[in-house]
Protein chains: 2
Amino acid sequence: MEAALITIGEELLIGQVIDTNSAWLGQRLNELGIKVMKRVSVPDNPDLIAQAYNLCMSNYDIIISTGGLGPTSDDNTKEMLCKLYDSKLIEDRETVEHIKRFFADRGLGLSEVNRRQGWVPDKATIMHNELGTAPGLYFHEGKTHVFALPGVPFEMKNLFENKVTTHLKMYLAKGTIIHETMTVSGIGESFLSDKIKEWEENIPDDISLAYLPSPGLIRLRLSMSTSNEESGRTQLRTLFLELRPQVEEFYMSDRDERAHETLFRTLKELNKTVSTAESCTGGTLASLITSIPGSSNIFKGSVVAYENSIKQNVLKVNATDLENHGAVSREVVEQMATNVRKLMNTDYAIATSGIAGPDGGTDEKPVGFTWIAIAWEGGVQAKLFKFGKLREVNIARSCVHGIHMLIKQIRNS
Amino acid sequence: MEAALITIGEELLIGQVIDTNSAWLGQRLNELGIKVMKRVSVPDNPDLIAQAYNLCMSNYDIIISTGGLGPTSDDNTKEMLCKLYDSKLIEDRETVEHIKRFFADRGLGLSEVNRRQGWVPDKATIMHNELGTAPGLYFHEGKTHVFALPGVPFEMKNLFENKVTTHLKMYLAKGTIIHETMTVSGIGESFLSDKIKEWEENIPDDISLAYLPSPGLIRLRLSMSTSNEESGRTQLRTLFLELRPQVEEFYMSDRDERAHETLFRTLKELNKTVSTAESCTGGTLASLITSIPGSSNIFKGSVVAYENSIKQNVLKVNATDLENHGAVSREVVEQMATNVRKLMNTDYAIATSGIAGPDGGTDEKPVGFTWIAIAWEGGVQAKLFKFGKLREVNIARSCVHGIHMLIKQIRNS
């Protein structure tokens with residue numbers, strides 16, 4: 001089955017919002033074995049929305065649109081769908097009740113505008129939106145499936161996972177696309193590609209390999225289309241088992257997860273805890289770890305010591321070392337790691353201190369110059385990294401590399 | 001003039017890569033006064049590329065495509081453009097010389113595949129690509145302008161800034177599209193829409209209003225097309241000045257910026273500092289603030305007190321209060337704010353303590369139940385929020401609301 005995605009909203013066309021919805025949908029549909037052949041964005045203009053729908057519906061089986069379902073006057077999708085399906089708006093009592101409850105839970109009454117969200121095309125199957133007020137709409141005529149979803153990312157994702165997939169799976173062929181992923185850290189894409197060239201050349205033709213790089217981490221993904229998921233997975237995993245000895249130094253995880261998710265899983269399995277002392281990462285390491293539900297099992301806290309006085313007064317870094325070596329130094333970052341571990345009474349600690357940029361660089365310590373340390377019971381280890389010029393990327397890489405250092409230490413001990 | 005954007009590449013459709021090129025192009029074209037009416041992504045398939053081109057060319061004056069110009073076999077755009085413009089490929093000597101030098105600089109020779117990049121449609125105007133090997137192509141027939149650019153973001157951007165804008169400016173009318181934005185916090189989209197209905201109805205027809213919501217914050221954007229930017233801006237700003245008294249309680253900023261950017265700007269203007277004590281936000285508040293270059297001028301640090309022992313030992317929260325009222329309480333969050341302000345010696349502090357979810361909720365304190373406090377010299381204020389069920393959104397909303405509380409306090413003092 002082939003699909004087209006329509007994202008609606010002027011903000012997508014003038015670049016005020018980056019269209020992450022269609023990237024996410026593309027990925028999920030791909031995993032379900034549905035090929036996305038077209039992606040189109042149009043403003044909140046009924047004619048242009050209708051044109052996009054008409055064109056997609058004459059070429060593809062599945063159309064998913066996001067946006068244009070809100071209560072405000074610039075949202076037109078519902079009216080357009082009524083015309084397209086010769087349908088009329090009727091009040092859906094269950095939806096109105098849900099909207100009432102939704103606002104009552106927040107101590108608010110129901111406005112006329114919100115009540116309008118309970119009006120839906122009579123030919124649509126309603127997909128109730130627990131997390132918001134605009135319901136999703138599903139139309140199925142002939143071989144065409146049309147799903148209209150709200151544009152708010154978390155509402156859209158929740159509806160897709162819980163409602164759209166249920167409808168789609170009834171019509172999907174048996175074959176699915178399966179993926180297995182390995183993540184590695186500390187090596188560039190082209191160097192990795194050179195290093196594993198021979199292994200890559202021996203991958204069977206029906207299996208494809210993708211390099212998915214992000215700051216500090218590369219996801220290597222093997223994919224194949226199969227009717228026997230179990231034997232397919234075994235085949236992919238065997239390939240990665242063959243690869244692993246060649247990349248052991250860089251190996252992070254055999255799952256499709258981000259670095260902090262690997263750290264969470266590793267610590268949870270061992271029933272261990274971690275704390276962080278952050279200068280250049282400014283709380284991002286703590287923020288990543290605590291983004292995971294249940295992280296309180298493995299994470300106790302962090303001191304974000306952005307100013308030197310905090311390093312000295314809260315983290316008890318030696319004032320003479322701070323003065324003699326500067327905040328971005330082995331001496332300071334080692335003390336940050338050792339002392340936060342004691343302060344927070346955790347099994348491990350990670351500390352970062354670097355020049356994130358764009359300002360603050362010197363000849364001796366240019367932008368990107370970053371010390372990272374890890375501490376454990378009776379030990380500490382620090383390493384110097386020379387990252388690039390982009391602040392955002394430097395922060396992200398510091399987090400991943402700090403986590404990678406700790407995971408390697410845990411594995412080797 | 002109206003434009004359409006075509007981005008080419010399977011990676012955009014299966015969500016492997018987020019389409020930031022078209023967001024960037026949309027923004028730049030909009031600044032030039034060119035309205036992007038459509039954005040479409042297709043895989044590297046000659047028929048689908050041609051179909052997208054044909055459709056866009058029959059409706060819009062300017063078509064800009066990115067991708068599909070590379071040397072590998074899955075790049076088809078050039079051949080398709082030859083057919084479209086009844087053109088044939090010829091070797092462009094200047095381009096071939098540039099490609100030779102490009103590889104020589106990197107100690108590499110010229111392969112046959114790379115030499116092919118020097119072949120271009122004879123009816124195209126070549127736009128030389130200093131930063132890469134695939135040149136940009138420009139076709140101009142009748143009133144239609146077609147620009148084919150490489151997909152690598154920094155090559156694309158460089159060509160656009162240095163070549164495409166030069167070509168376009170010759171044909172542009174004087175008018176540009178201008179925007180003014182106001183951000184508000186603490187009110188839902190539909191309630192806001194109800195509240196400002198009358199004001200909205202009186203907006204002149206040539207000015208459009210958009211609601212751009214994100215967790216905790218709504219950006220209200222007024223747009224118009226004008227040939228006199230100054231008087232246009234005055235007109236938009238006057239409209240917002242009329243609106244402001246009606247939304248004063250929720251008002252955050254008169255610029256298009258995120259909450260932490262408003263906080264940064266406010267504190268920097270006053271030469272004041274802030275620190276944070278974070279439980280449920282887990283370092284996200286610190287991470288947002290420190291994502292801004294130069295944030296060290298206004299931010300000293302944070303204690304992420306995820307476990308109660310850290311609240312007690314590092315933030316010196318009273319143990320009896322912790323026991324009697326629980327970590328998510330007015331008593332505790334007020335002490336967190338007051339004490340971190342003292343510990344870090346800052347002018348202001350923000351503290352958060354809530355049930356982020358999905359677990360940890362009780363009947364009395366369900367998921368989403370969140371206390372936020374701000375502290376200043378001689379004062380502290382705490383407020384209870386009842387957010388929803390999603391961890392990620394609760395964290396984001398806690399950050400925005402904490403910032404909004406502080407900004408209101410600063411404004412009113």
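The values are calculated or read from the model by the stated rules, or taken from the named source; none is laboratory data. Because the structure is predicted, anything quoted here is derived from the model rather than measured. A quick note on method: Cβ atoms are made from the backbone with ideal geometry, for glycine too, and the neighbour counts reach across all protein chains shown. Side chains are part of the model used for accessible areas, which takes the heavy atoms of the whole protein and leaves out ligands, DNA and RNA. Shrake-Rupley method; radii C 1.70, N 1.55, O 1.52, S 1.80 Å.
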**Q.** Test: residue in the stretch A:107-115 that is without any contact (Cβ under 8 Å) to a residue 24 or more places away in the chain, touching a Ser or Thr at 6+ places or on another chain (Cβ under 9 Å) and within 14 Å of chain B (Cβ to nearest Cβ)
**A.** yes
Q.
Could you check the stretch A:33-50 and list, in sequence order, the residues that are more than 24 Å from B:Ser65 (Cβ to Cβ) and open to solvent by less than 20 Å² (accessible area, probe 1.4 Å)?
A. A:Ile34
Q. Only one residue in B:Lys272, B:Lys311 is surrounded by fewer than 24 Cβ atoms within 10 Å (Cβ to Cβ) and either of a type in the set (Ser, Thr, Tyr) or not assigned by TED's automatic domain parsing to the domain that holds B:Arg219 (or both). Which one?
A. B:Lys272
(Q) With at pLDDT below 90, more than 9 Å from chain B (Cβ to nearest Cβ) and under 28 Å from A:Tyr53 (Cα atoms) as the only criterion, which of A:Thr77, A:Thr66, A:Thr95 stands out? (A) A:Thr77
Q.
Within the stretch A:295-308, take every residue that is out of contact with any strand residue (DSSP E or B) (no Cβ under 7 Å at 6 or more places or on another chain) and more than 7 Å from every other protein chain (Cβ to nearest Cβ) and give me the one that is surrounded by the fewest Cβ atoms within 10 Å (Cβ to Cβ).
A. A:Asn297
Q: Check whether at least one residue in the stretch B:190-207 is small (Gly, Ala, Ser) and not assigned by TED's automatic domain parsing to the domain that holds B:Gly361, and report yes or no.
A: yes
Q. Which of the following residues is over 23 Å from A:Val303 (Cα atoms) and of a type in the set (Asp, Glu): B:Glu364, B:Glu392, B:Glu377?
A. B:Glu364
Q: Select, from A:Ala319, A:Ala375, A:Ala337, the only residue that is touching a Lys or Arg at 6+ places or on another chain (Cβ under 7 Å) and assigned by TED's automatic domain parsing to the domain that holds A:Leu263.
A: A:Ala375
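Checking the conditions here, which among B:Gly368, B:Gly357 is under 22 Å from B:Ile218 (Cβ atoms) and open to solvent by less than 10 Å² (accessible area, probe 1.4 Å)?
Details: B:Gly357 fails: under 22 Å from B:Ile218 (Cβ atoms).
Checking each option against the conditions leaves just B:Gly368.
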Q) Among all residue pairs at least 6 apart or on different chains, which show Cβ distances below 6 Å where the first residue, located in the stretch B:277-292, is more than 7 Å from every other protein chain (Cβ to nearest Cβ) and the second is surrounded by fewer than 24 Cβ atoms within 10 Å (Cβ to Cβ) and in a loop (DSSP other than H, G, I, E, B)? A) B:Ala277/B:Leu315
Q. Out of the residues in the stretch B:378-391 that are within 13 Å of chain A (Cβ to nearest Cβ) and without any contact (Cβ under 8 Å) to a residue 24 or more places away in the chain, which is most open to solvent (accessible area, probe 1.4 Å)?
A. B:Lys386
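Would you tally the residues in the stretch A:392-407 being within 14 Å of another protein chain (Cβ to nearest Cβ) and open to solvent by 30 Å² or more (accessible area, probe 1.4 Å)? Working first, answer last.
Residues of the stretch A:392-407 within 14 Å of another protein chain (Cβ to nearest Cβ): A:392-396, A:398-399, A:402.
Then drop every residue that is not open to solvent by 30 Å² or more (accessible area, probe 1.4 Å), which leaves A:392-393, A:396.
Result for the stretch A:392-407: 3.
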Q. From the list A:Ile403, A:Ile372, A:Ile355, which residue is within 25 Å of the chain's Cα centre (by Cα) and under 25 Å from B:Ser275 (Cα atoms)?
A. A:Ile372
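Would you call A:Arg330 open to solvent by 50 Å² or more (accessible area, probe 1.4 Å), away from every other protein chain (no Cβ under 11 Å) and within 33 Å of the chain's Cα centre (by Cα)?
On the way: open to solvent by 50 Å² or more (accessible area, probe 1.4 Å): yes; away from every other protein chain (no Cβ under 11 Å): yes; within 33 Å of the chain's Cα centre (by Cα): yes.
Yes.
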Q. Does any residue in the stretch A:398-413 that is more than 14 Å from A:Leu285 (Cα to Cα) come within less than 6 Å, Cβ to Cβ, of a residue that is open to solvent by less than 20 Å² (accessible area, probe 1.4 Å) and outside any helix (DSSP H, G or I) six or more places away or on a different chain, and which pairs are these?
A. A:Gln409/A:Ile374
(Q) Looking only at residues that are in contact (Cβ under 8 Å) with a residue 12 or more places away in the chain and not aromatic (Phe, Trp, Tyr) in the stretch B:247-257, which one is surrounded by the fewest Cβ atoms within 10 Å (Cβ to Cβ)? (A) B:Glu249
Q: Within the stretch A:337-353, track down each residue that is more than 12 Å from chain B (Cβ to nearest Cβ) and either under 27 Å from B:Ile292 (Cβ atoms) or surrounded by fewer than 18 Cβ atoms within 10 Å (Cβ to Cβ) (or both).
A: A:Ala337, A:Ala349, A:Ile350, A:Ala351, A:Ser353
Q: Kindly indicate whether any position in the stretch A:37-47 is within 16 Å of B:Glu10 (Cβ to Cβ) and touching a residue at least 40 places away in the same chain (Cβ under 8 Å).
A: no
Q.
Suppose we keep only residues that are among the polar types (S, T, N, Q) and within 19 Å of the chain's Cα centre (by Cα) within the stretch A:125-166. Which one would you say is nearest to A:Leu32 (Cα to Cα)?
A. A:Asn162
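Taking A:Pro46, is it modelled with pLDDT under 90 and away from every other protein chain (no Cβ under 11 Å)? It would help to see each step written out before you state the result.
On the way: modelled with pLDDT under 90: yes; away from every other protein chain (no Cβ under 11 Å): yes.
When the stated conditions are applied, A:Pro46 passes them.
Can you tell me how many residues within the stretch B:13-23 are open to solvent by less than 20 Å² (accessible area, probe 1.4 Å), within 7 Å of chain A (Cβ to nearest Cβ) and either farther than 13 Å from A:Asn21 by Cα or within 19 Å of the chain's Cα centre (by Cα) (or both)?
Initially, the stretch B:13-23 is screened for residues open to solvent by less than 20 Å² (accessible area, probe 1.4 Å), giving B:13, B:15, B:19, B:21-23.
Checking the rest, the ones that are also within 7 Å of chain A (Cβ to nearest Cβ) come to B:13, B:15, B:19, B:23.
Still in the running and either farther than 13 Å from A:Asn21 by Cα or within 19 Å of the chain's Cα centre (by Cα) (or both): B:15, B:19, B:23.
Residues that pass the stated criteria total 3.
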